[in-house]
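The block underneath contains the structure these notes are about, expressed in structure tokens.
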Amino acid sequence: MPAIRSLILTIALTLASVATTFATDAPRPNIVFLLADDLGGADVSWRGSPIKTPQLDALANSGAKLEQFYVQPVCSPTRSALLTGRYPMRYGLQVGVVRPWADYGLPLDERTLAEALQDAGYETAIVGKWHLGHVSPAYLPMARGFDHQYGHYNGALDYFTHDRDGGHDWHKDDHVNRDEGYATHLIAQEAVRVIQDRDKKKPLFLYVPFNAVHSPLQVPESYAAPYGDMKKRRQAYAGMVAALDEAVGQIVDEIQRQEMLDNTLFIFSSDNGGPEPGKLTDNGPLRGGKHTLYEGGVRVCAFASWKGRIAPGSKVEAPLHIVDWYPTLIELAGGSLQQAKPLDGRNIWPSITTGEPSPHDVIVCNITPTEGAIRVGDWKLVVHNIGKPREKVELFNLSDDLAEQQNRATTNAKMLRKLRNRFDQLASEAAPAKNAGPQPKDYQAPAIWGERAHP
């Protein structure tokens, strides 16, 4: 028996040594994840926009532009997909956003990216918009793996007063905060402070989900002034993009000042396509916008940059999804992907750095009880009014029909059948959708959002 115990101990120590070596050998970069809100896919100057985004341009050009990067059609689902590595349909967040009056949020049994990176020895911070639930303390950011929190819980808050529906929605470390100023400026300032005051013994995960450029369309006049030739709403939006760009530059500059540039991975994406394309935003040649399953709603401008690790000026044409960053970042951090719930995300580092093809055989744009879309290779299936008499099915070949104008559902029965079978299989795996419904008649915002969490 002593010999057996000795052997077991030796094996255990060996496994622990291997795990430690893996974590040590991993690159373990600082990670700065910049998430814009409602940014049009063509509303950056590297894609020809009249809106000037020099800071984003410089960062994008220093790394790889992700030309076929997918997210969800609206904001809460995209955020949950990033933080779990799982499609929102797996846990009921596939319909709409987490409303202010919702009695739910990101399910508590979902492991988050922040928790995984925290376990891997990272300092973790969120600076910006949460939008994944605030009904109780357990749903707030600092209970979901973040060491630091700054910003707001809801969407669509006033950029100057920081109110949503009359309730104050600005917080620091999940307690009310009364900092004054324009929200985009405050987010940039706090992100810079986090970088300056970080624990230098640990790598940093800094998640910066801006509320810009989501409505309300508010911006200091100096940012909108250069776009006086645009219609009023578009002009305000352009100014908001300019303020966002400036904020990104300030964060990058601080990383450089702190001599962290060589070991920092920057990631940028919008949370969905631009709303009101052609009027307010510009999604380029893509059909549709926010709320839709067409490319303009779910395919966004995105890039990744890491000096010395990602080739500057490169482009990645492989279809990728925001769920992919979860396993990719955890592996780069030397963390563990062992968990109870299976992942939809795949490690996309080879696609970004060495030109490997997409690791996906299918990408889910979204599947709800009434509609959905998937992509398989160059083919995309969109289904409306699922199971209803007026069900509509669309089949597109994105390789020669990027604008999704030629429905080939009636001319390619074999491909339609292949994608529909896969779609139906995935739909059968979906969890019941949570939905807060319309605003209750007796709805009244609290004086301070999240105060139920800290009475």
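The values are calculated or read from the model by the stated rules, or taken from the named source; none is laboratory data. As the structure is a computational prediction, the values presented were derived from the model and not from experiment. Note: ideal-geometry Cβ built from the backbone for every residue, glycine included; neighbour counts use all protein chains shown.
So for the range 447-455 (the condition being surrounded by 16 or more Cβ atoms within 10 Å (Cβ to Cβ), touching a helix residue (DSSP H, G or I) at 6+ places or on another chain (Cβ under 8 Å), under 23 Å from residue 296 (Cα atoms) and of a type in the set (A, V, I, L, M)), does at least one residue qualify? Scanning the range 447-455, I find no residue that is surrounded by 16 or more Cβ atoms within 10 Å (Cβ to Cβ), touching a helix residue (DSSP H, G or I) at 6+ places or on another chain (Cβ under 8 Å), under 23 Å from residue 296 (Cα atoms) and of a type in the set (A, V, I, L, M), so the answer is no. Only one residue in 254, 246 is outside any loop (DSSP other than H, G, I, E, B), assigned by TED's automatic domain parsing to the domain that holds residue 163, among the acidic types (Asp, Glu) and under 22 Å from the mean Cα position of the chain (by Cα), so which one is that? Checking each option against the conditions leaves just 246.
Residues checked against (1) of a type in the set (A, V, I, L, M); (2) farther than 22 Å from residue 178 by Cα; (3) in contact (Cβ under 8 Å) with a residue 40 or more places away in the chain; (4) not assigned by TED's automatic domain parsing to the domain that holds residue 75:
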site	(1), (2), (3), (4)
107	no, yes, no, no
125	yes, no, yes, no
142	yes, no, no, no
159	no, no, yes, no
164	no, no, yes, no
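The residues in the range 336-385 that are among the small types (Gly, Ala, Ser) and under 20 Å from the mean Cα position of the chain (by Cα) can be counted, and the count is 5.
Before we move on, is residue 340 in contact (Cβ under 8 Å) with a residue 12 or more places away in the chain, under 29 Å from residue 57 (Cβ atoms) and assigned by TED's automatic domain parsing to the domain that holds residue 35? No: the conditions fail for residue 340.
If you go through the range 180-230, how many residues are among the aromatic types (Phe, Trp, Tyr) and in a loop (DSSP other than H, G, I, E, B)? Steps first, please.
As a first pass, look at the range 180-230 and keep what is among the aromatic types (Phe, Trp, Tyr): 182, 205, 207, 210, 223, 227.
From what's left, in a loop (DSSP other than H, G, I, E, B): 182, 210.
Adding up the residues that qualify gives 2.
Looking only at residues of the range 103-129 that are of a type in the set (S, T, N, Q) and surrounded by fewer than 24 Cβ atoms within 10 Å (Cβ to Cβ), we find that the one that is farthest from residue 210 (Cα to Cα) is 118. For the range 312-337, a tally of residues being part of a strand (DSSP E or B) and either free of Cβ contacts under 8 Å to residues at least 60 places away in the same chain or under 29 Å from residue 386 (Cβ atoms) (or both) returns 2.
Conditions (1) buried (at least 24 other Cβ atoms within 10 Å of the Cβ); (2) closer than 30 Å to residue 27 by Cα; (3) not aliphatic (A, V, I, L, M), marked per residue:
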{"residue": "239", "(1), (2), (3)": "yes, no, yes"}
{"residue": "255", "(1), (2), (3)": "no, yes, no"}
{"residue": "270", "(1), (2), (3)": "yes, yes, yes"}
{"residue": "280", "(1), (2), (3)": "no, no, no"}
{"residue": "301", "(1), (2), (3)": "yes, yes, yes"}
{"residue": "312", "(1), (2), (3)": "no, yes, yes"}
{"residue": "331", "(1), (2), (3)": "no, yes, yes"}
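Give, as residue ranges, the strands (runs of 3 or more DSSP E) completely inside the range 348-455 that count at least 1 residues that are of a type in the set (D, E, K, R).
Values: elements: 363-367, 371-376, 379-384, 392-397.
So the answer is 371-376, 379-384, 392-397.
Residues that are among the aliphatic types (A, V, I, L, M) and surrounded by fewer than 19 Cβ atoms within 10 Å (Cβ to Cβ): does the range 67-88 have at least one? No, because not a single residue in the range 67-88 is among the aliphatic types (A, V, I, L, M) and surrounded by fewer than 19 Cβ atoms within 10 Å (Cβ to Cβ).
May I ask you to verify whether residue 222 is in the same structural domain as residue 281 (by TED's automatic domain parsing), surrounded by fewer than 23 Cβ atoms within 10 Å (Cβ to Cβ) and more than 20 Å from the chain's Cα centre (by Cα)? Judged against the criteria, residue 222 is a match.
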